[in-house]
C-alpha cells in the first residue's frame with residue numbers, strides 16, 4: 001500500500017441568497033426574483049492550515065463580494081451569471097486548481113410548479 005495521496009482542498013460558500021433582476025422576460029427583469037449561489041473553490045491551503053494566516057488561502061469574504069457584485073448586474077441567462085462569477089474568481093485568485101459554481105433561480109416563472117432552475121459550471125484549472 002502506498003503513502004502517496006493527493007490532497008483535494010476546497011473552500012466553499014453555500015446558500016448565498018440574493019434578490020436580482022435576471023431573466024429573459026420583461027417581467028423577470030423588472031420584478032426580479034430570489035436566487036441562490038453555491039461556490040466551491042479547489043485551492044492549496046496547506047500553509048494556512050499550519051500558519052493560521054488568511055493570506056495563505058482563498059478569502060471566502062472576497063468570493064461573496066464577487067457574487068454580490070455579479071448578481072447586481074442584470075443578465076438574461078443564469079448561464080451568463082455563472083460564467084461571470086467563474087471569470088471573476090479566476091481573475092482574482094491564482095492559487096486555484098478547480099472551480100464549481102451553481103446558480104439557482106428559485107420559483108422560475110413557468111407554466112407549472114417548479115421549485116428551482118439551476119445551472120452548474122465546473123472547471124479544472126490546473
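Miscellaneous remarks
- Close pairs (9 angstrom Cβ cut-off, 6 or more residues apart or separate chains): within 9 Å of residue 104 (Cβ to Cβ) in the stretch 114-126, at pLDDT below 95 and surrounded by 14 or more Cβ atoms within 10 Å (Cβ to Cβ) anywhere: 116/108; 117/108
- The set of residues in the stretch 17-32 that are in a strand (DSSP E or B) and either surrounded by fewer than 17 Cβ atoms within 10 Å (Cβ to Cβ) or at pLDDT below 95 (or both) comprises 17, 19.
- Yes/no for residue 9 being surrounded by 12 or more Cβ atoms within 10 Å (Cβ to Cβ) and in contact with a helix residue (DSSP H, G or I) (Cβ under 6 Å, 6 or more places away or on another chain): no
So that you can scan it fast, the table gives a plain yes or no per residue for (1) touching a strand residue (DSSP E or B) at 6+ places or on another chain (Cβ under 8 Å); (2) surrounded by 18 or more Cβ atoms within 10 Å (Cβ to Cβ):
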{"position": "38", "(1), (2)": "yes, no"}
{"position": "49", "(1), (2)": "no, no"}
{"position": "72", "(1), (2)": "yes, no"}
{"position": "78", "(1), (2)": "yes, yes"}
{"position": "92", "(1), (2)": "no, no"}
{"position": "113", "(1), (2)": "no, no"}
{"position": "126", "(1), (2)": "yes, no"}
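- Selected residue (criterion: farthest from residue 43 (Cα to Cα)) from residues of the stretch 80-101 that are touching a helix residue (DSSP H, G or I) at 6+ places or on another chain (Cβ under 7 Å) and in a helix (DSSP H, G or I): 81
- Residue in the stretch 59-76 that is at pLDDT 95 or above, closer than 16 Å to residue 121 by Cα and not in a helix (DSSP H, G or I) present: no
- Residue within the stretch 102-115 that is over 16 Å from residue 38 (Cβ atoms), part of a helix (DSSP H, G or I) and touching a helix residue (DSSP H, G or I) at 6+ places or on another chain (Cβ under 8 Å) present: no
The values are calculated or read from the model by the stated rules, or taken from the named source; none is laboratory data. Nothing here was measured: the structure is a model prediction, and the numbers come from that model. Counting neighbours? That spans all protein chains shown, and the Cβs are built from the backbone with ideal geometry, glycine included.
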